[in-house]
1. How high is the relative contact order of chain C? Use alpha-carbon pairs under 8 Å, at least six apart in sequence, and give a whole percent.
2. Quick one: net charge of residue B:125's neighbours, Cβ under 12 Å, K/R +1, D/E -1?
3. Can you give me the span-like helices of chain C, meaning DSSP H runs with 24 Å or more of Cα extent along the axis and Kyte-Doolittle mean at or above 0.0?
4. Which value in deg cm²/dmol, rounded to the nearest 500, describes the helix-derived mean residue ellipticity at 222 nm for chain A, given -39,500 (n - 2.57) per DSSP H run of n ≥ 4 and division by the residue count?
5. Just to check I understand the Karplus step: with θ = phi - 60° and J = 6.51 cos²θ - 1.76 cosθ + 1.60, what whole-Hz values come out for segment C:173-182, glycine and proline as x?
6. Helix-only estimate, please: 222 nm mean residue ellipticity of chain C, summing -39500 (n - 2.57) across DSSP H runs of length 4 or more and dividing by its residues, to the nearest 500.
7. Quickly work out the residue A:31-to-residue A:209 label distance, labels modelled 7 Å from Cα along the C-beta direction, and quote it in nm with one decimal.
8. Select from chain A the helices, each a whole stretch of DSSP H, whose alpha-carbon atoms run 15 Å or more along the helix axis and whose Kyte-Doolittle mean is at least 0.5; answer none if there are none.
Amino acid sequence: MSEVLEYKGLFWDGLEQTILLTILGIGLALVIAFSVGLMGISRHRVLRSPAYVFVEFFRGTSIIVQLFWAYYALPFMGIKLDSFAAAVLVLGLNEGAYAAEIVRSAIKSLPRGQTEGAIALGMRPTLRLRRILIPQAVPAMLPSFGNVFVDLLKATPLVSFIAVQDLTFNALGVRTETQETTVIFVGLLVAYFVLGLVLALITWLLEKRFALDRRPHPLLRPLVSGGPGVTR
Amino acid sequence: MRWDADYAADIFPKLLDGLWLTIQVSLLGMALALLLGLVIAVVRYAKIPLLSQVLTGYVLFVRGTPLLIQAFTIYYVLPEYGITLSLFTSGVLILGVNYSAYTAEVYRAGIEAVPRGQWEASTALNLPAWRTWTRIVLPQGIATIIPVLGNYQIQMFKDSAILYGIGMTELLGTARELGVAGRSLEPLTIAGILYLVISYPAAILTRRLERRYAPTH
Amino acid sequence: MPQPTEQPTPRTQMIEFDGVSKSWGDNHVLRSLNLDVAAGEKVSIIGPSGSGKTTILRVLMTLETPDDGLVTVGGETLWDARHGKKPKETKHLRTVRGKVGMVFQSFNLFPHLTVIENIVDAPIHVLKLSKSEAYERGHDLLDMVGLASHADHKPPQLSGGQQQRVAIARAMAMRPEVLLFDEPTSALDPELIGDVLAVIRDLASDTSMTMLLVTHEMRFAEEISDRVVMFDAGTVVEQGPPDLILKNPSHDRTRSFLHAVLDH
């Protein structure tokens, strides 16, 4: 056990990489989620179809296969990605596809009356989405987003297959050196479990922040009521 | 893009072998997951002291940790304690154990989704408990969870690629072997297409099942 | 008290439906409808459920596209579906639509915004009013509907009647030339209806806005309308001054409808 602890530095480096991968992956996934997700509810076929194909493709293929393909097959087509970039790209695109479905169905499940009320007030589609639909859909999206984020975290060990030096890759290396199989693998399980809990906590905090029935903080109330001469 | 069609035709049969192994391990893995998940669900529903809590913790832990690490643990750690399993058996166990944590939840949700009124009507008609379960509750509960279980089977089919990490020559493993020996473009692309060719129609079928059996979704 | 009726002259037609048809599959909701409303006129549309009354309003609010016919507002074309043309959402349509506002049966307030925010959001972002002007107007309107003290509440905290009054204020904030009411009190508990009708009554007597009201409240329709239109199965059965249509209808369909509605 103590032999393993000698490699502390390696574990910290690996953890750093894992966290970085997770954050960047989630960032890309969110960008994809909202762009592809909104394309999916567009009135125009030319936007809806690519979105559908994108989502079905990434949900229908294995993330592991995608990782390998991005790193080993793309060079044959002239695109050489470094392993970290390939990892972030695949993680983001893959989980982004799931997140896009969440965005699309959350907005679609809003009562039609909200859209109609906004149309009656002369709001254009972009404005409707921005001010009325998305703010109401976000609270519904967050719990499912939380699951997607944790799934992304749980997918990061796969990048060790393409030699990204994340926590798993380094831990496997230490195992080869020390043969402390049980300690290392059980330790990995616990480490990822804890990281997952942290993500779940962050999601829970986000859910509270974006909840619909929030009352404005008493100190902010004058700002929220807006406009001069508000003390009527 | 330089696609070597001859090479592709050459390796295709080998990839099909890999696909067959993938299908086998996913089907058996799902069978194990269904069985194990049912046991877990029943124990937790019956609220057997200590065992229920242990299983709840087990489910949480399995769901909260990566499948790959679980695969390593089962394949490399168990032998340290005297349990050595074949590659294929390990594969089935890895997939089955992981997914049982999800199927257990599905069983629970399915039972709870049966409206309270059904239980109350059964009581009002003086049906005995076992009849209530077998004729009223389970048939309705199962109808709603079939689509979800269908989705899990498809997911497991794709997740089986992880077994490449413990050296199994399923579809991905075969593709990698070929890639290392020769070119990577054709094996990986064909493998990707094969995964898609199986999972996309299966997903459509499951969605249709969902519309038929759980139309409230 | 009945308003004096004026014969609408062609030049002051605020709303024109010319041969407008709409169907959902086999269901012909509007059959070659011809209907004109003069500027400042208050018109009530009555009739059985499913007769297509709501569709008239929805077409006017561009929530539905007509299959045939011409719809104009304030002399400008809103929908032109004549001769098999398929009307599309255009910039021009949006300009014309801006003259029309609507109050919905289910209010459709935005639950994530406060009451005052519901009212000022569209004026700020669509009419491009300054925040101070929008808020000032918003508070005045809120005052007018008697809910000044609820400005910072969220819609779910209000009763149905209060929500509907906010909805009216919200629609008024856009200064529409035409205001449509789609069964504004049908979703309300009986004791809350009176307050909402009072607001609508004030609008009818105090403003020169054109108002189109689909309602089951016959006595109210009689009170505020210049004209009552009896609508059934996609067509106008008859129309005229309220005391004529409601007290002395010519058609059997009108008679039997009123009988069923008023005498239960």
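Every read-out reported here was derived from the displayed coordinates using simple, explicitly stated rules and does not represent laboratory data. Model, not experiment: these values are computed from the prediction. Positions of Cβ are backbone-derived with ideal geometry, glycine not excepted, and every protein chain shown enters the neighbour counts.
1. Rounded, it is 25 percent for chain C.
2. Here the count lands on +1.
3. C:190-206
4. The per-residue figure over chain A is -23000 deg cm²/dmol.
5. 4, 8, 6, x, 8, 10, 10, 9, 10, 9
6. Calculated mean residue ellipticity at 222 nm is -10500 deg cm²/dmol.
7. 2.0
8. A:8-39, A:83-108, A:134-155, A:181-210
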